[in-house]
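Notes to accompany the following structure.
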Ligand code: SF4
């Protein structure tokens, strides 16, 4: 967030508010400021909804979550004590207020099974997940954008039907295989059969190869398809004909005129894919025994360790919202006509 | 979705394979548990966690149960749960999707907002969230996956409903007082059925995959029950001992998931359109038509443009070829201004693009002779043509809004020409761009050069377009409808600018327009095109003696040229023929008042007066009374 300097410059002569109002007016008049203000407002609303839902999750569970977590054999006074400790006996409004207050203090509660603080657990697990997601995203962008552009150039105007058919069908099939099944296949081929890469745990760079490929392949193919279709659409535009009329070399036409105008949808899809990949780590982590949040959330759901689940759902959700925000800002930056900022 | 389209989807090899697979899976789902249900439960203590043997082709699990049988039997449960989740998703999605149409404005917006917020989160995250609430197990997972898919399905329904509600019949039903619920049930839903069916099919595929994922994580089906996801999870633990135990259920999931997805997509594709194929027309095709085509006159002295029997063909959608440009001859001398006129569809723009080597990729361009700026471009590698024509031929396109790259500054787009073709540095090239913008009278050119095209007005953009053509010193400027999108005052400014530029640089100008008045203002010579051919060419001064009925009709329809302003303007009745469907003889015959039997044979261009040629069997000789309004300041 940018803070707005609304205080008037120290003008000792007349203590009038005029400079302040004009500064504010300038800010309100600036489309960028309005865009950022509106977009931040939306982020805050989404975050509020997310927090409320995460909070409500434990209350929406039918029956007594503590009884369910501790098992039917647990003595009633233990259950009661745990309920008291979790604050579940307070009125729901008080509970929500307490929850939000604790959240601002960085306190996500404590695990019902291990007694460890949830934020500590997340702090330990987050880097593994984040590094996996970021690495996969980088691979997707590096592979998909050139591939999609190259395919668009090769197959424009209905050329090379064979290559087009091969590309569209392989990428359709590839993109439809879910990451965890691909992961199993990779484990079998490169781990079990060839023994090239480790198949479990997080260690050196080699341990990243299979999880990253499993996570990145589907999105990369999907992205390449989108880039191709978008680039082909742009190639039909009048200004590309202008660029050709200027007799620019094809490489320049494609990189300077076609690609920047296909960027908008590439960014939008990239954002969607990134949020999908962040959550997709849950499955991939469980195939490769990757010590991230995905392993933790699954074992916590199975152990009915609700505070941990709540905390991790919040982190995933917040990450997704953040990605969306970044994408929107990038879109606004990339769009010279500022339609996004206005709209 | 009509029955024909379903059939077409099944005739497509991918669609047929997908449908076949689904039938096979359905049969398995019914039969497998009956045939092998008990055998799949049988434990064999003598064969625990075995690899492939003759008795157990895919090995056994930790309790000695046969993996192959278990994968087959699991078909029913896996498919059944996925379809159940899909049903929940579709029902919830449709409900959420039509709610905004049924509810009041406020409540409707709330629903839309909620759906939009939920769509931002990946399905798996929503599924995990719901799985916590509904509890671990098959029931919880079905609910979780169904509800997790609902927002995106709802969004789809909303989009489609919004598209349909704008249509007339819905408005009519509303006016007729049809109730909201009835409106949804009778008028909205039936009309969006097609995309919904397609997407429900694709959805079933993703539900199957998602379910396998949850079961794999241990959050779905619980033992002793089993589905493919569960088998996969169990098999993965022993992948080093028996890979088949993990791979077989994995393959089953992928195949079933793909079958749904591909069926959905091939249905969607049948509804959509197919790309045209790039082909070459058979040679005989051209030779036959070329016989009757007009040819350029003998050209003494030098020329900047010669095209003889130029033909541009496109593959027709139903096979064969159509020729929007069908044997055009065109000659332009240095410094000459030539106008090409004709209605839209006459092939005039395509002629210009073809001679400039800018025809679309799918087009097939042939000519008996073609020379541009002293260069025969055909048979040369593209890079050489670019180099040779780069500084000699400039194009000015019709719509300056779409003809400039929206994401690049105007100055950069101009400077690019100089940088690429003359190897100048960024600074020098930009300086020249500013200078040229000044030449075309763009005010504050330094500032304007740093702006984006959308910050320019229409007339200024068009002048910037002309400036772009002046970055080098062209021998030929081809301007394709340069004034069409502009109002009359700006139109005159741009024409005057072209005239000035022409006078200063001595470049030849080819001006293409549907408006013979515009051409008459600027040009020395007029070429009239109709249905892909030249029907008349003559000096502007002789327009009053136009011989071809089409030229005369064009002239009569222009208010600026007709002297008798009392008489209502003549419009040309009828429309130009489709290139795929031209009449045998003179293409103008269906609209011509003078047509007779002779016109069933195609007329060739023939001299009717000095410097005037017309393609007509009955050229008119009675003079027309015209006010010619030539721009002052140039040559006459
Ligand atoms: S040839 Fe016949 S039909 Fe064609 S323009 Fe002349 S008179 Fe009319």
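The values are calculated or read from the model by the stated rules, or taken from the named source; none is laboratory data. What you see is a predicted model; the values in this text were computed from it and never measured. No Cβ is skipped: glycine too gets one built from the backbone with ideal geometry, and neighbour counts run over all protein chains shown.
Of B:210, B:204, B:225, B:200, which residue is facing chain A (nearest Cβ under 10 Å) and either under 44 Å from the mean Cα position of the chain (by Cα) or surrounded by fewer than 19 Cβ atoms within 10 Å (Cβ to Cβ) (or both)?
One residue alone meets the criteria, B:210.
Any residue at all in the range A:299-316 that is within 9 Å of another protein chain (Cβ to nearest Cβ), on the phi > 0 side of the Ramachandran plot and either crowded, with 24+ Cβ neighbours inside 10 Å or at pLDDT 85 or above (or both)?
No; the residues of the range A:299-316 include none that is within 9 Å of another protein chain (Cβ to nearest Cβ), on the phi > 0 side of the Ramachandran plot and either crowded, with 24+ Cβ neighbours inside 10 Å or at pLDDT 85 or above (or both).
Report whether or not residue B:423 is within 14 Å of chain A (Cβ to nearest Cβ), without any contact (Cβ under 8 Å) to a residue 40 or more places away in the chain and surrounded by fewer than 16 Cβ atoms within 10 Å (Cβ to Cβ).
yes
I'd like to know if the range B:362-385 contains one or more residues that are closer than 26 Å to residue B:516 by Cα and at the interface with chain A (Cβ under 10 Å from one of its Cβ atoms).
no
Does residue A:251 qualify as being surrounded by fewer than 18 Cβ atoms within 10 Å (Cβ to Cβ) and either more than 9 Å from chain B (Cβ to nearest Cβ) or closer than 30 Å to residue B:213 by Cα (or both)?
Yes.
List the pairs whose first member sits in the range B:531-543 and is in the same structural domain as residue B:587 (by TED's automatic domain parsing) and at pLDDT below 90, whose second member is part of a strand (DSSP E or B) and within 11 Å of the ligand (Cβ to nearest atom), and whose Cβ atoms are under 6 Å apart, counting only residues at least 6 apart or on separate chains?
none
Can you pull out every residue in the range A:218-246 that is closer than 20 Å to residue A:163 by Cβ, crowded, with 19+ Cβ neighbours inside 10 Å and within 13 Å of chain B (Cβ to nearest Cβ)?
If the condition is that a residue be closer than 20 Å to residue A:163 by Cβ, crowded, with 19+ Cβ neighbours inside 10 Å and within 13 Å of chain B (Cβ to nearest Cβ), then A:222, A:225, A:228, A:232, A:234, A:235 are the ones that fit.
Quick one: which residue in B:124, B:143 is over 31 Å from the mean Cα position of the chain (by Cα) and facing chain A (nearest Cβ under 8 Å)?
None of the others qualify; the one that does is B:124.
Are there helices (runs of 4 or more DSSP H) fully within the range A:1-108 with at least 1 residues that are within 14 Å of chain B (Cβ to nearest Cβ), farther than 30 Å from residue A:329 by Cα and modelled with pLDDT of 75 or more? List them.
In the range A:1-108, A:31-60, A:65-70 are the helices (runs of 4 or more DSSP H) which contain 1 or more residues that are within 14 Å of chain B (Cβ to nearest Cβ), farther than 30 Å from residue A:329 by Cα and modelled with pLDDT of 75 or more.
Mind checking whether some residue in the range A:171-185 is under 30 Å from residue A:252 (Cβ atoms) and more than 11 Å from every other protein chain (Cβ to nearest Cβ)?
yes
Please go through the range B:575-610 and give me each residue that is loosely packed, with under 13 Cβ neighbours inside 10 Å, farther than 16 Å from residue B:546 by Cα and away from the ligand (no atom under 12 Å from the Cβ), ordered by number.
If the condition is that a residue be loosely packed, with under 13 Cβ neighbours inside 10 Å, farther than 16 Å from residue B:546 by Cα and away from the ligand (no atom under 12 Å from the Cβ), then B:575, B:578, B:581 are the ones that fit.
Considering every residue within the range B:523-534, establish whether at least one is more than 16 Å from the ligand (Cβ to nearest atom) and part of a helix (DSSP H, G or I).
Within the range B:523-534, none of the residues are more than 16 Å from the ligand (Cβ to nearest atom) and part of a helix (DSSP H, G or I).
So the check is Cβ under 7 Å with 6+ separation or different chains; which pairs have a first residue in the range B:571-589 that's within 15 Å of residue B:532 (Cβ to Cβ) and a second one that's more than 16 Å from the ligand (Cβ to nearest atom)?
B:576/B:345; B:579/B:322; B:579/B:323; B:579/B:324; B:580/B:316; B:580/B:322
Can you give me the number of residues within the range B:613-629 that are at pLDDT 85 or above and either within 10 Å of the ligand (Cβ to nearest atom) or surrounded by fewer than 18 Cβ atoms within 10 Å (Cβ to Cβ) (or both)?
7
Tell me which residues, restricted to the range B:394-404, are facing chain A (nearest Cβ under 7 Å) and either more than 19 Å from residue B:349 (Cα to Cα) or touching a residue at least 12 places away in the same chain (Cβ under 8 Å) (or both).
B:395, B:397, B:399, B:403, B:404, listed by residue number.
Based on this model, can you work out whether residue B:441 counts as more than 13 Å from chain A (Cβ to nearest Cβ) and either assigned to a helix (DSSP H, G or I) or without any contact (Cβ under 8 Å) to a residue 12 or more places away in the chain (or both)?
Criteria not met by residue B:441.
Among the listed residues B:331, B:337, B:391, B:418, which satisfies the condition of being buried (at least 20 other Cβ atoms within 10 Å of the Cβ), over 30 Å from the mean Cα position of the chain (by Cα) and within 14 Å of chain A (Cβ to nearest Cβ)?
Every option except B:418 fails the conditions.
Where in the range B:293-412 are the helices (runs of 4 or more DSSP H), entirely inside, with at least 1 residues that are at pLDDT below 85?
B:382-390, B:400-403
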